[in-house]
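A.B. asks: Pasting a structure below so you can have a look.
The values are calculated or read from the model by the stated rules, or taken from the named source; none is laboratory data. What you see is a predicted model; the values in this text were computed from it and never measured. No Cβ is skipped: glycine too gets one built from the backbone with ideal geometry, and neighbour counts run over all protein chains shown.
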Amino acid sequence: MITIYTKDNCMQCEFVKKHLREKGKNFWVKDVNANSLYMQEVKDMGYQTVPVTLIERNGEKIAINGFRPDELDEVLEG
């Protein structure tokens, strides 16, 4: 499962979503502007900014902060 924490007018957030769409990946979006609990989830993971992409695979949770296509691809293909 892939979850992207985003906010309004965030170019990096849009880049992450576009990249995942191009890879044919489905994902959930959690907009921190729409729900303040989502921002608390970001902070609980140790981050202060979005986007944060949370990838859950085989019981493991991997969080990637920012638009890092190299890291995204490595985790998705690994």
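A.B. asks: Any idea how many residues of region 8-45 are part of a loop (DSSP other than H, G, I, E, B), of a type outside the set (Val, Ile, Thr), in contact with a strand residue (DSSP E or B) (Cβ under 8 Å, 6 or more places away or on another chain) and farther than 15 Å from Val75 by Cα?
C.D. replies: Final tally of qualifying residues: 2.
A.B. asks: Just to be sure before I move on: is Ala63 among the hydrophobic types (A, V, I, L, M, F, W, C) and over 18 Å from Met1 (Cα atoms) in the structure I sent?
C.D. replies: For Ala63, the condition - among the hydrophobic types (A, V, I, L, M, F, W, C) and over 18 Å from Met1 (Cα atoms) - is not met.
Residues checked against (1) touching a His at 6+ places or on another chain (Cβ under 8 Å); (2) at pLDDT 95 or above; (3) of a type in the set (A, V, I, L, M):
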| position | (1), (2), (3) |
| --- | --- |
| Ser36 | no, no, no |
| Val42 | no, yes, yes |
| Gly46 | no, yes, no |
| Pro51 | no, yes, no |
| Leu54 | no, yes, yes |
| Glu60 | no, no, no |
| Ile64 | no, yes, yes |
| Val75 | no, no, yes |
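A.B. asks: Tell me the residue from Leu54, Leu76, Leu37 that is aliphatic (A, V, I, L, M) and loosely packed, with under 12 Cβ neighbours inside 10 Å, please.
C.D. replies: Leu37
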